[in-house]
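So the structure is just underneath, and the comments pick up after that.
The values are calculated or read from the model by the stated rules, or taken from the named source; none is laboratory data. Predicted, not measured: the structure shown is a model, and the values here were computed from it. Ideal geometry is used to build each Cβ from the backbone, glycine not excepted, and the neighbour counts take in all protein chains shown.
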Amino acid sequence: MIRAAEIERDAAACAAIYAPYVVEGPTSFEETAPGAAEMAERMRRTTATHPWLVAEDGGQVVGYAYASPHRERAAYRWAVDVTVYVDPAHHRRGIGRQLYEHLCPLLRQQRFHVACAGITLPNDASVRLHESLGFKQIGVYRNIGFKAASWRDVGWWQLQLLPANNEPQEPLPPSPA
């Protein structure tokens, strides 16, 4: 089941899912995994303007996805960054796909035009997921981050959510859950 995240209910589970991506490898460029309180604060900031979804299996949160502003400058307000994390015990079950298939329509409803995804390379599974959903690779930042004793590249993928036009409508706030 995919649903809107509930901060107090889901922050600890999201922090637990994210922690291995921080601690055990180069996927996240953070060096210290956030705890439940920090994750709750991140969720509060994010959900003020963008959706955050969780996937449940048997009442347990097994993955999450959210969108956030792509950059600060006003001209970027129609672009979002998207992120998905799935509990490693639940990989290869289509959960990341389901989360994105629910997230992207919400972003379209908010009038966002472009979704961007940064992927630490190599990460064949994430690349396959994004490309299967229509994301197109647009570039690579070479040797942009140093983690797990190596310089890491970050590839960028982009999905056109809405057609570009000369008079875009202002983005809307997220719909109430």
Quiz item: Failed condition for Ile95, given (1) in contact (Cβ under 8 Å) with a residue 24 or more places away in the chain; (2) surrounded by fewer than 22 Cβ atoms within 10 Å (Cβ to Cβ); (3) more than 25 Å from Pro163 (Cα to Cα), with all others met?
Solution: (2)
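Scan segment 118-152 residue by residue and report those that are aliphatic (A, V, I, L, M), closer than 18 Å to Gly94 by Cβ and surrounded by 15 or more Cβ atoms within 10 Å (Cβ to Cβ).
Val127, Leu129, Leu133
Hey, can you tell me all the residues within segment 21-37 that are among the small types (Gly, Ala, Ser), within 19 Å of Ile144 (Cα to Cα) and at pLDDT 95 or above? Steps first, please.
Initial filter on segment 21-37 (among the small types (Gly, Ala, Ser)): 25, 28, 33, 35-37.
The next check asks that each one be within 19 Å of Ile144 (Cα to Cα); those that pass are 25, 28.
Correct list: Ser28 only.
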Quiz item: Can we say Ala115 is among the aliphatic types (A, V, I, L, M), farther than 18 Å from Ser175 by Cβ and buried (at least 17 other Cβ atoms within 10 Å of the Cβ)?
Solution: no
Practice problem: Looking at (1) more than 28 Å from Ala11 (Cα to Cα); (2) out of contact with any Cys (no Cβ under 9 Å at 6 or more places or on another chain), find the lone condition where Ile138 falls short. | Solution: (2)
Quiz item: Among the residues of segment 63-81, which ones are touching a residue at least 24 places away in the same chain (Cβ under 8 Å) and more than 15 Å from Ala4 (Cα to Cα)?
Solution: His70, Arg77, Trp78, Ala79, Val80, Asp81
Exercise. Restrict the check to segment 107-121 and report whether at least one residue is assigned to a helix (DSSP H, G or I), closer than 26 Å to Ser28 by Cβ and under 18 Å from the mean Cα position of the chain (by Cα).
Key: yes
